[in-house]
1. State whether one or more residues within the range 185-203 are among the acidic types (Asp, Glu), modelled with pLDDT under 80, closer than 17 Å to residue 101 by Cα and not in a strand (DSSP E or B).
2. Please specify each residue of the range 224-238 satisfying the condition of being out of contact with any Leu (no Cβ under 8 Å at 6 or more places or on another chain) and among the basic types (Lys, Arg).
3. Tell me whether the range 124-140 contains one or more residues that are at pLDDT below 90, within 20 Å of residue 227 (Cβ to Cβ) and either touching a Ser or Thr at 6+ places or on another chain (Cβ under 6 Å) or assigned to a loop (DSSP other than H, G, I, E, B) (or both).
4. What's the total number of residues in the range 47-102 that are open to solvent by 20 Å² or more (accessible area, probe 1.4 Å), part of a helix (DSSP H, G or I) and more than 20 Å from residue 119 (Cβ to Cβ)?
Amino acid sequence: LFKREKQRLIPTSEALRLYKVCKKSVSEIDFIFSNTMQAIKHDYENTIKLAGHPYMLSHILPPYFKKMIEQNKNVKFELFNSNYEDTIDMLENGIIDFAVFPVSKGDALTNIIAHEFYKCKFGIGMAKSHPLASVDEKDITWNLLAQYDFINIGRGISTQGLKSEMQNYSLGSRFTLHNGTWEICLGIVKEGISISGADAGYAKWHSDIVAKHCPKLAPEYSFSILVYKKADLCKASKELLKLLGYPLGN
């Protein structure tokens, strides 16, 4: 490829021909790499990875998703219907951008920032034919609930306070639904077999059940937006967080 003349390397005609071919190939590779990186960056900036309680994903957050789509036609959503423990793990490992879950005072959130987002009134859901459907919600106590069968739908689906009270009052639980949602146990509730914990707001979306707010059972509880302190948030996630009222400056 080269000739040595007076301590200099002179390219041969073969070297010049090879240079033209290589230069074209390298330019094409640079073009492919640049376009690929732009596509990856574009997808990253416009993809929101969010974990949430089923109630949030199915009833509360969709209007915010719609607003995001109106603002950003390229936005994409990756939604995770996971339990509380898995959600915290995904936050700390950067798998998701943020989450919306109920948080108890006793939950250890060393690396997680929790910002209150939505207040719920704790209640129970039952079929219209269930004996408790005709009882005034102010008269419903844990002792009264202990007389009826209950669906245990696990951590991250029902409230943390509900599970502790279920243990304290030995609520009967013929069904244990793993990795389930309210929509799944709704079929059992509709049959009048048992009752389930539910936000009182469920009655707005399900006219065939009765959802009661029971002030003697538990106070209002809150869903919080959970963000990892060291999270590298994409542009779209920041836009959605702003819509949800999360203080990004903090």
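1. Filtering the range 185-203 for residues among the acidic types (Asp, Glu) gives 191, 199.
After this cut, where a residue has to be modelled with pLDDT under 80 as well, the list is 199.
Pick out the ones that are also closer than 17 Å to residue 101 by Cα and you get 199.
Cutting the leftovers down to not in a strand (DSSP E or B) gives us none.
Scanning the range 185-203, I find no residue that is among the acidic types (Asp, Glu), modelled with pLDDT under 80, closer than 17 Å to residue 101 by Cα and not in a strand (DSSP E or B), so the answer is no.
2. Once the filter is applied, which keeps residues that are out of contact with any Leu (no Cβ under 8 Å at 6 or more places or on another chain) and among the basic types (Lys, Arg), the range 224-238 yields 229, 230, 235.
3. No, the range 124-140 contains no residue that is at pLDDT below 90, within 20 Å of residue 227 (Cβ to Cβ) and either touching a Ser or Thr at 6+ places or on another chain (Cβ under 6 Å) or assigned to a loop (DSSP other than H, G, I, E, B) (or both).
4. Within the range 47-102, residues that are open to solvent by 20 Å² or more (accessible area, probe 1.4 Å), part of a helix (DSSP H, G or I) and more than 20 Å from residue 119 (Cβ to Cβ) number 12.
The values are calculated or read from the model by the stated rules, or taken from the named source; none is laboratory data. Model, not experiment: these values are computed from the prediction. Ideal geometry is used to build each Cβ from the backbone, glycine not excepted, and the neighbour counts take in all protein chains shown. Note: accessible area is taken over every heavy atom of the protein model, side chains too, but ligands, DNA and RNA are not part of it. Shrake-Rupley method; radii C 1.70, N 1.55, O 1.52, S 1.80 Å.
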